[in-house]
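The values are calculated or read from the model by the stated rules, or taken from the named source; none is laboratory data. Keep in mind that what you see is a predicted model, and the values were worked out from it rather than measured. Methodologically, a virtual Cβ is constructed for each residue, glycine included, from the backbone with ideal geometry; neighbour enumeration extends over all protein chains shown.
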Amino acid sequence: MPTSTPDVVRLRLDVAYDGTDFSGWAVQPGRRTVQGELTRALDTVLRTPVTLTVAGRTDAGVHARGQVVHLDVPRAAWEAVPGRSDRAPGDVLVTRVAGVAPADVVLRRAAVVPDAFDARFSALWRRYTYRIDDGAAADPLTRAWVLRHRRALDAPAMHDAVRRLLGEHDFLAYCRPREGATTIRTLQEAAVGREAGVVAITVRADAFCHSMVRSLVGALLAVGEGRREVAWPREVLDAVRRDGAVAVAPPTGLVLEEVGYPPDAELAERARTARAVRTLGG
């Protein structure tokens, strides 16, 4: 649906979900997905069909605290959301979606944004955290979002290893490439530490290609267990080819924490840049 008309508004939705029982974000025939459940809830509340654009498609079993979505809706449908209430449409939409959406999908915020806002292409970065419980006795209450690992991990060694991957690189070695898509990414921040005894791997990049975070975690697990040297993940990266020795970690411990965007005046330029085909140093 086109924007830039008085009859249409663009909305930004901030969404959280427990990915355990979903076959990922994107709609798939015969499967339960986050997009499918959220679309049904919004269709019901807004009383108009909606099309959702997401900041980053998460895989089956991956969770999110800070997923971002945009959609275009008729202005009349948006203004009708409060009914006779004097509350803001965004606040009422959050409440009404909570009444029809399943418990494992939560709409946290809804607001009108400029037409130039694009949840996917306007994003400056995405931040993920992967949590691993390597203790002798794991907490069963966290089993849905913290990976249980039965070998003790050397978190400082893992931190040293991931820091060597910072910057712009071709991450082909850690991605499942898609035809016509680049695997060049900029890893902006990376750290491994412990929070309440649990190993937390945090990575932030302008974007992540398919399986990139879980492949990075797989390489770091090999370092943390002492099976590989600290330099090995960087050696894999520099080879610029898929390495069968890099395991893809399970989805259980992965959470999309936050997506960052530029000021409104820079949204259109950021989207234009993000759509361009990337080359190293370009």
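Annotations
- Index of the failed condition, Arg176 passing every other in (1) closer than 30 Å to Leu42 by Cα; (2) surrounded by fewer than 16 Cβ atoms within 10 Å (Cβ to Cβ); (3) touching a Ser or Thr at 6+ places or on another chain (Cβ under 7 Å): (1)
- Count of residues meeting criterion [farther than 19 Å from Pro82 by Cα and either surrounded by 19 or more Cβ atoms within 10 Å (Cβ to Cβ) or of a type in the set (A, V, I, L, M) (or both)] in region 39-55: 3
- Comparison of Arg272, Arg278 shows that the only residue that is in a helix (DSSP H, G or I) and farther than 30 Å from Asp134 by Cβ is Arg272.
- Scanning region 196-237 for residues that are without any contact (Cβ under 8 Å) to a residue 40 or more places away in the chain and either farther than 22 Å from Ala64 by Cα or surrounded by fewer than 14 Cβ atoms within 10 Å (Cβ to Cβ) (or both) yields Ala196, Ala222, Arg227, Arg228, Glu229, Glu235.
- Residue within region 252-266 that is over 18 Å from Ala55 (Cβ atoms) and in contact with a Phe, Trp or Tyr (Cβ under 9 Å, 6 or more places away or on another chain) present: yes
- Set Ala157, Ala181, Ala138: member being small (Gly, Ala, Ser), without any contact (Cβ under 8 Å) to a residue 60 or more places away in the chain and over 30 Å from Val68 (Cβ atoms): Ala138
A quick yes/no check of all residues on (1) in contact with a Ser or Thr (Cβ under 7 Å, 6 or more places away or on another chain); (2) of a type in the set (Ser, Thr, Tyr); (3) modelled with pLDDT of 95 or more; (4) in the same structural domain as Pro89 (by TED's automatic domain parsing):
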{"residue": "Asp21", "(1), (2), (3), (4)": "no, no, yes, yes"}
{"residue": "Ala26", "(1), (2), (3), (4)": "yes, no, yes, yes"}
{"residue": "Arg31", "(1), (2), (3), (4)": "yes, no, yes, yes"}
{"residue": "Val34", "(1), (2), (3), (4)": "no, no, yes, yes"}
{"residue": "Glu37", "(1), (2), (3), (4)": "no, no, yes, yes"}
{"residue": "Ala41", "(1), (2), (3), (4)": "no, no, yes, yes"}
{"residue": "Thr51", "(1), (2), (3), (4)": "no, yes, yes, yes"}
{"residue": "His63", "(1), (2), (3), (4)": "no, no, yes, yes"}
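- Taking every residue in region 266-282 that is without any contact (Cβ under 8 Å) to a residue 24 or more places away in the chain and pairing it with any residue that is acidic (Asp, Glu), at least 6 positions away or on another chain, yields no pair with a Cβ-Cβ distance below 8 Å.
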